[in-house]
1. Across the stretch 136-170, what is the total count of residues that are surrounded by 15 or more Cβ atoms within 10 Å (Cβ to Cβ) and modelled with pLDDT of 75 or more?
2. For the subset of the stretch 83-100 comprising residues that are part of a loop (DSSP other than H, G, I, E, B) and small (Gly, Ala, Ser), which member is modelled with the highest pLDDT?
3. Can you name the residue in the stretch 95-129 that is in contact (Cβ under 8 Å) with a residue 60 or more places away in the chain and touching a Cys at 6+ places or on another chain (Cβ under 7 Å) and, of all such residues, is nearest to ASN29 (Cα to Cα)?
4. Is it true that some residue in the stretch 30-43 is touching a Ser or Thr at 6+ places or on another chain (Cβ under 7 Å) and either over 16 Å from GLN121 (Cα atoms) or surrounded by 15 or more Cβ atoms within 10 Å (Cβ to Cβ) (or both)?
5. What pairs come out if I take residues in the stretch 10-36 that are more than 18 Å from ARG118 (Cα to Cα) and in contact (Cβ under 8 Å) with a residue 12 or more places away in the chain and pair them with residues that are of a type in the set (A, V, I, L, M) and in a helix (DSSP H, G or I) whose C-beta lies under 9 Å away, six or more apart or interchain?
6. Kindly indicate which of ASP113, ASP75 is among the charged types (D, E, K, R) and closer than 29 Å to LEU138 by Cβ.
7. Given (1) surrounded by 15 or more Cβ atoms within 10 Å (Cβ to Cβ); (2) outside any helix (DSSP H, G or I), identify the lone condition not met by LEU49.
8. Regarding the stretch 18-30, can at least one residue be identified that is among the hydroxyl-bearing types (Ser, Thr, Tyr), within 20 Å of ALA90 (Cβ to Cβ), at pLDDT 90 or above and part of a helix (DSSP H, G or I)?
Amino acid sequence: MLSTTDNLLRILNAMFLIICMAFVSALLNTQNQNSGRVNYCMFTAAFGLTTDSFYGIAANFWEPLTWPLVLVCLDFLNFAFTFSAGTVIAVGIRAHSCKNESYRNGNKIIQGDENRCRITQALVAFLYFSMFIFIVKLTMSIITLMQNGAFSSATSRFYGRRRRNNASAGVPTDMGGVPSISQV
């Protein structure tokens, strides 16, 4: 089972990614020209929602999904995808005022519409919010990987903590908490 902090971050990130999907859907529904950048943002939001939120639900019930190596890989991919999607859209809209008509008419993503301009700017913000959550989760996953190993489970983490606690009390023990004959 994943930690409470990890689950709370997954819930918050799911909300951000659902908002991103809503913004991208609004952009896709009102477009006059096809934009690969907007399509990539939809892929990013769907990939993040699948591999972070739905995977998190499954990981809470099936322990091998909580291996730190798997979590590091997925968190890194989600970080890279959300960072690149946010950057691609930010570069594409070049962040000017939505009141500037010449700017809106010359932009292929905004396509002259003030509402699309505001939606696109909000999309960039929420993609970056999601990216920062993935950075925090990636850092937590790397720390867990370094402390417990690539394929640790909840039971091995428990025994690892127990052994360290007994060792700090001055009694060196094996995994079961009882000193071996060579230690006596």
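The values are calculated or read from the model by the stated rules, or taken from the named source; none is laboratory data. Note that the structure is predicted; figures quoted are calculated from it, not measured. Neighbour counts run over all protein chains shown; Cβ positions are idealised from the backbone, glycine included.
1. Count: 11.
2. Applying the filter and picking the extreme gives SER97.
3. LEU123
4. no
5. From the stretch 10-36, the pairs are ARG10/ILE57; ARG10/ILE133; LEU12/ILE133; ASN13/LEU49; ASN13/ILE133; ALA14/LEU49.
6. Just a single option satisfies the conditions, and that option is ASP75.
7. (2)
8. Yes: the stretch 18-30 contains one or more residues that are among the hydroxyl-bearing types (Ser, Thr, Tyr), within 20 Å of ALA90 (Cβ to Cβ), at pLDDT 90 or above and part of a helix (DSSP H, G or I).
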